[in-house]
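The values are calculated or read from the model by the stated rules, or taken from the named source; none is laboratory data. In this text the structure is predicted, and so the values were computed from the model without any measurement. Virtual Cβ from ideal backbone geometry, glycine too; neighbours counted across all protein chains shown. We work out accessible area using only protein heavy atoms, side chains counted, and drop any ligands, DNA or RNA first. Shrake-Rupley method; radii C 1.70, N 1.55, O 1.52, S 1.80 Å.
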Amino acid sequence: MEAEMVETVEKPDVIPQVVAENALIVAVSVGAVFAAEEGEVYGAGVAFPLLQAVQTVNERLLQVDPSESERFEVILISTNRVQQQQKERLQSSASAHGLHKHRFSFACEDDFTDSLRQSKVHLFLTTDSTEATRAANEGVLSALLNPLSASGPSEQLRVLFCADAILDPSPGQKTGTHEAVQAFGSRLGKMRQRFGVGDSPLSLVLLTSHGGVNRCCSALKMLRSDGVDVDEAYCLGGTPRGLIMPLLRPHFLLAAAEE
Amino acid sequence: KNGHSGVNSRECESVFVSPRPENAVTIAVSTRVLFRTEKEEKVFEQQGIEEYLRYQMEHENEPFAPGPAFPFVKALETVNARLRELYPQSEELFDIVLVTYNHAHVGVRFINTINHHNLFIERFCMTGGGSPIGYLKAWHTNLYLSANADKVREALAEGIAAATMFMPEKQTEVSESQLRVAFDGDAVLFSDESERIFKAHGLDKFFQHEMDNEDTLLENGPLKSFLEALGKLQKKFYAKGHRLDCPIRTFLVTARSAASSGIRALKTLRAWGLEIDEALFLAGAPKGPMLEKIRPHIYFDDQMFHIEGAAEMGTIAAHVPYGIAQHHNSRKKPAGGT
């Protein structure tokens, strides 16, 4: 019986990254990173611009302070069982696309969530809502990657905080506790402070769909008290958000903490 | 079905019927024309953005004073109140959207100001530096008012009626019960084709050209669609017997002459199915005194000369940076021009 649980594989000829103490650890599902394609090397998937944007943020953080430890740390995680052959293919694809700096984590289907917890992941990103829910049920903050972000910006990481007046999550859509969102948001807010008002590689955006301007005002104040000073704010007054999502171009969305 | 919904697709979109922007007459107003922000702009110019944002947050609980677009927006709300009385279920109302490329740090102050003045604004976008034009298009904006001529030009290029507003030194009192909107004709409601003739060949040629082409419709101008939108709402009042006390009144204020060149303008409007309540043909006389009598909440003209003249007499005027007039100096008085 195979006792394989979690296997973290480093590429042998790459110096293993030392995980900084206060790193903001983000795990991205391999299914989102690569697009299935024929041939030896997988194509770039939905998460590519996100990974590039995260890379840009890290580089700029180091420019500001070469000893900065509160950076992003990315783990590429497989959420189902991966054969050895496929592992090699994933690693060579990662190399081919310049992603060899990131750690891989190959897990059995049943326990990719264990792997998330063991790696102390702060945020799990995927395009699969079932995966997101499973991770959330195990206490890991999850977010769905915006499918539109596949063609989105790669020079700026854009995170959308959504605050809506509707409080009840529909079944299967739980993605994290209030505290988890707050905690992650605060860390993003702190990271944002490292850059000036203009030309920031990280942009935090607030969207309120319902509830009018006062709802938006409460959300702004609440985020501010969590240390999150958003750059952009959109109050939709009930109009469908699908109209402007292609303009907002977030890489992923977080539910702003509700009152 | 997933699409855009992220972690927070907690809405049941079938339960809430969202207003659809295409049914409303959407008016996008920049914070710099709805409110007076000159002091803050000075801080920005002299001390840079970080200091500007700090200043804004420090004064967060101090509402801004009304700007040049304020009376216009208040009048829109008056019309909405009357429309709601007559058509309680209808979405065909004015929808006012506040637009700024300020950073969201200033958001709280703007919202406090909206509440202080009892403005009914449910939507806004603070783009943190990016262009708002994409959002205006997405929301089917019918009119965009801004202090920034470049942004106005950008909007016009995208087919959105737009105009630049300025704060007049004095403001004459305007009606609180009736929205009054005045338009110049050429290069505002109509294209600038006739103005081109006048500028290139002079007044006589202009008259001849207009007479020869009396039965040819003029082409659309950038504000035609806005007049159309106003007309649709007016018809809703007429349908319920409120023609005489309609809370929307439109004016054409043109340098054309009633007996000659004005005929083509009227024929064009009629062919477009657009009613204008009052057409004033000045035959080249100054517009200021006439506007002072009309007291519109807003007057659209393509020539800065007329805008300045209107402002001198306390009329709130909005410049439409369109057409041949943009290449001419505003300070020179055109002899009996359009």
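Of all residues in the stretch B:191-205, none satisfies being in contact (Cβ under 8 Å) with a residue 24 or more places away in the chain, buried (at least 16 other Cβ atoms within 10 Å of the Cβ), in contact with a Cys (Cβ under 8 Å, 6 or more places away or on another chain) and farther than 22 Å from B:Thr31 by Cα.
Answer with yes or no whether B:His306 is under 22 Å from B:Val174 (Cα atoms), at pLDDT 95 or above and crowded, with 21+ Cβ neighbours inside 10 Å. Judged against the criteria, B:His306 is not a match. Residues being touching a residue at least 40 places away in the same chain (Cβ under 8 Å) and surrounded by 22 or more Cβ atoms within 10 Å (Cβ to Cβ) are entirely absent from the stretch A:58-70. The set of residues from the stretch B:154-175 being modelled with pLDDT under 90 and of a type in the set (D, E, K, R) comprises B:Glu169, B:Lys170. Scanning the stretch B:135-159 for residues that are surrounded by 18 or more Cβ atoms within 10 Å (Cβ to Cβ), away from every other protein chain (no Cβ under 14 Å) and in contact (Cβ under 8 Å) with a residue 60 or more places away in the chain yields B:Asn142, B:Leu143, B:Tyr144, B:Leu145, B:Ser146, B:Ala147, B:Lys151, B:Val152, B:Leu156. Residues of the stretch B:39-89 that are among the hydrophobic types (A, V, I, L, M, F, W, C) and in a loop (DSSP other than H, G, I, E, B): B:Phe64, B:Ala69. Just one of the listed residues (B:Leu217, B:Leu227) is among the hydrophobic types (A, V, I, L, M, F, W, C) and open to solvent by less than 10 Å² (accessible area, probe 1.4 Å), and it is B:Leu227. Looking only at the stretch A:248-255, decide whether some residue is at negative phi, part of a helix (DSSP H, G or I) and open to solvent by less than 10 Å² (accessible area, probe 1.4 Å). Checked the stretch A:248-255: at least one residue is at negative phi, part of a helix (DSSP H, G or I) and open to solvent by less than 10 Å² (accessible area, probe 1.4 Å). Out of curiosity, is A:Ala143 in contact (Cβ under 8 Å) with a residue 60 or more places away in the chain, on the phi < 0 side of the Ramachandran plot and surrounded by fewer than 22 Cβ atoms within 10 Å (Cβ to Cβ)? Here the answer is no, as A:Ala143 does not meet what is asked. Taken over the stretch B:133-147, the criterion of being at pLDDT below 95 and assigned to a loop (DSSP other than H, G, I, E, B) is satisfied by B:Trp139, B:His140. Considering the stretch B:118-130, the residues that are within 10 Å of chain A (Cβ to nearest Cβ), open to solvent by 40 Å² or more (accessible area, probe 1.4 Å) and not hydrophobic (A, V, I, L, M, F, W, C) include one that is nearest to the chain's Cα centre (by Cα), namely B:Glu122. Please find, within the stretch A:206-235, the residue that is nearest to A:Phe72 (Cα to Cα) out of those that are hydrophobic (A, V, I, L, M, F, W, C) and more than 8 Å from chain B (Cβ to nearest Cβ). Checking each candidate, the answer is A:Val228.
Restricting attention to the stretch B:95-117 and to residues that are at the interface with another protein chain (Cβ under 8 Å from one of its Cβ atoms) and part of a helix (DSSP H, G or I), the residue that is most open to solvent (accessible area, probe 1.4 Å) turns out to be B:Asn115. Confirm whether B:Arg243 is assigned to a loop (DSSP other than H, G, I, E, B) and either of a type in the set (D, E, K, R) or open to solvent by less than 30 Å² (accessible area, probe 1.4 Å) (or both). Here the answer is yes, as B:Arg243 does meet what is asked.
Just one of (1) more than 25 Å from A:Leu220 (Cα to Cα); (2) within 19 Å of the chain's Cα centre (by Cα) fails for A:Ala163. It is (1).
Exactly one residue out of A:Gly211, A:Gly198, A:Gly227 is assigned by TED's automatic domain parsing to the domain that holds A:Phe184, of a type in the set (Gly, Ala, Ser) and open to solvent by less than 40 Å² (accessible area, probe 1.4 Å): that is A:Gly227. Looking across the stretch A:20-70, just one residue is of a type in the set (Val, Ile, Thr), assigned to a loop (DSSP other than H, G, I, E, B) and over 17 Å from the mean Cα position of the chain (by Cα), and that is A:Val41.
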